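The structure appears below as structure tokens.
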Amino acid sequence: MTPKQSMLAATAAVVAAGVALVPLTRAPERRAEETAAPSESTASAVTDAEVRFSGKPARLVIRQWGQVLAEMPAGTSTPWYTTLRLQQPAEAEVQAEWPGATAPQAVELILMPAGKSAVRATRWSEPDTPETLHDIYSLTW
């Protein structure tokens, strides 16, 4: 095999490996039935929640299906305790604002359903927009 053929074979192998990895590195697409609001027969559960943050946000709101479930009162420090009524599966939308933030900020949501183990998830604001976080927390128990 000539050096040119060897180089061509090696390049083809690298391209094939890269193409095979694309589905693994792409964010999953949500199907319409996954993002639709729950039906009236969907179970809901009341759960205690603990919200921790790296820097105190000026505003923090938790929603599900567009409905406000809780809004952090002014003057609250970490952790903030609240009670939420969540439809199952629990997909909570968290929106937080840190005016003037220059570094990414974190919000950890911990759900503590009665008689079950606590579940938690943490999200960080993006480095290019550290003053806002708007993300979905998917938690099941």
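The values are calculated or read from the model by the stated rules, or taken from the named source; none is laboratory data. These numbers come from a predicted model, not from an experiment. Ideal geometry is used to build each Cβ from the backbone, glycine not excepted, and the neighbour counts take in all protein chains shown. What goes into the accessible areas is simple: the full protein's heavy atoms, side chains included, and nothing from ligands, DNA or RNA. Shrake-Rupley method; radii C 1.70, N 1.55, O 1.52, S 1.80 Å.
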(request) Specify, per residue and in Å³, the volume enclosed by the convex hull of the alpha carbon atoms belonging to the range 88-141. (result) 65
(request) Quick one: compute a quarter of the convex hull surface over the Cα atoms of the range 34-141 and quote it in nm². (result) 6.9
(message) Show me the trypsin sites (Lys or Arg not before Pro) within the range 77-141 that DSSP assigns to loop and that have at most 13 other Cβ atoms within 10 Å of their Cβ.
(response) K116
(message) Given points 7 Å out from each Cα along the Cα-Cβ axis, report the Q5 to W124 separation in nanometres with one decimal.
(response) 4.9
(message) Let me cross-check M72: its accessible surface, 1.4 Å probe, with only protein heavy atoms counted, in Å² to the nearest 10?
(response) 20
